[in-house]
Amino acid sequence: RRRRAGAPRCCHPPAVAPQVGGGGDGASEPSAFFDPWADWLQQQLLAAFPALGPAALPPRLLSASGPSGASVGTRVFTAELGEGSPIRRFRVTSVCDGERLQAMNAAVYPAYELGPVPILGADLLSFNGHRRLLFGVDWAPMAGDGEYSEAHIAPYLQEVRWGPRGAELATEPSGRFYGEWPEFFSSHMFFARPEDPGALAPGGPFWQVFCEYTSQYLVMLRGAKARAPVDSAASSLASQRQADFDRWHSERDPAIPIFKRMFGEEWSEEFTSTVLFPGSSLGG
């Protein structure tokens, strides 16, 4: 398949990282190995869709430190219905626990009025002084059939996932992390276990994959926005499936037990239901 027009072929790391202390940019955050990735993603989304602004969330849930010295920081940006943004919520969470663990998780939720289009998700993990590395980026499908993927995902990701770069870098994801039949992961997920931490450096091969998945996602969103608003049934389906996505992850995400160990069970449960996956608390 041909690349959809509108996405850049080269994505450069941010020349100057955004200031992410408390105040007007979404959160405070630890300095972490994957911060350049979070910074770049934030810059891209806020530049493309300026209606996104910092969410009103308790500061104690946006950053925390554990007794071992581990720290977690989250940036959350939202846009209200009618503000013209095809994104209703964007979250990126960074974890810093020295050589034991460095991690970044991001999720981008489309506006309901676009209909049930995919959620952009990314996981970057480094364990034990970069001796064990994981990379995953995907467009979470809002339906499990092949027709959905052919309409909403394959036209944008076929080339990058199944082209030469995918053949060289990608591996099959493990059922240990995603389950044998994961409901909210697509066949176009780009999953890898890099052997060299340099492969996850800004500007490296996986950086380019991350940029392509993000840039193509923006192309998809703009196309969906041009066709919006969808009818009320499609909008309601989008709302329901995004809530289902949050519930699914709140019950299965392997990061949640790690958060409980690092930051305590009470804080982690509130963090999960309020910040990580707020749709999990909605009625099913």
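The values are calculated or read from the model by the stated rules, or taken from the named source; none is laboratory data. This is a predicted model, so every value here is computed, not measured. All Cβ positions, glycine included, derive from the backbone under ideal geometry; neighbour counts span all protein chains shown.
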Of all residues in segment 77-98 being surrounded by 17 or more Cβ atoms within 10 Å (Cβ to Cβ) and over 20 Å from Leu114 (Cβ atoms), the one that is nearest to the chain's Cα centre (by Cα): Val92
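Results for (1) of a type in the set (A, V, I, L, M); (2) in contact (Cβ under 8 Å) with a residue 24 or more places away in the chain; (3) part of a helix (DSSP H, G or I), shown as yes or no for each residue.
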| site | (1), (2), (3) |
| --- | --- |
| Glu183 | no, yes, no |
| Ala199 | yes, yes, yes |
| Gly203 | no, yes, no |
| Ala226 | yes, no, yes |
| Gln240 | no, no, yes |
| Pro257 | no, no, yes |
| Lys260 | no, no, yes |
| Glu269 | no, no, yes |
| Gly279 | no, yes, yes |
Within segment 242-253, can one find any residue that is among the basic types (Lys, Arg), in contact (Cβ under 8 Å) with a residue 60 or more places away in the chain, surrounded by fewer than 18 Cβ atoms within 10 Å (Cβ to Cβ) and within 22 Å of Ser94 (Cα to Cα)? yes
Check segment 74-87 and report whether any residue there is more than 17 Å from Gly279 (Cβ to Cβ) and either of a type in the set (Lys, Arg) or touching a Gly at 6+ places or on another chain (Cβ under 6 Å) (or both). yes
Before we move on, is Ser215 touching a residue at least 60 places away in the same chain (Cβ under 8 Å), touching an Asp or Glu at 6+ places or on another chain (Cβ under 7 Å), part of a helix (DSSP H, G or I) and farther than 18 Å from Pro278 by Cα? no
Considering Ser186, Ser149, Ser174, which residue is at pLDDT below 95, under 28 Å from Gln102 (Cβ atoms) and more than 17 Å from the chain's Cα centre (by Cα)? Ser174
Checking the structure you have, find out if any residue of segment 121-133 is part of a helix (DSSP H, G or I) and either more than 24 Å from Ser239 (Cα to Cα) or not polar (S, T, N, Q) (or both). no
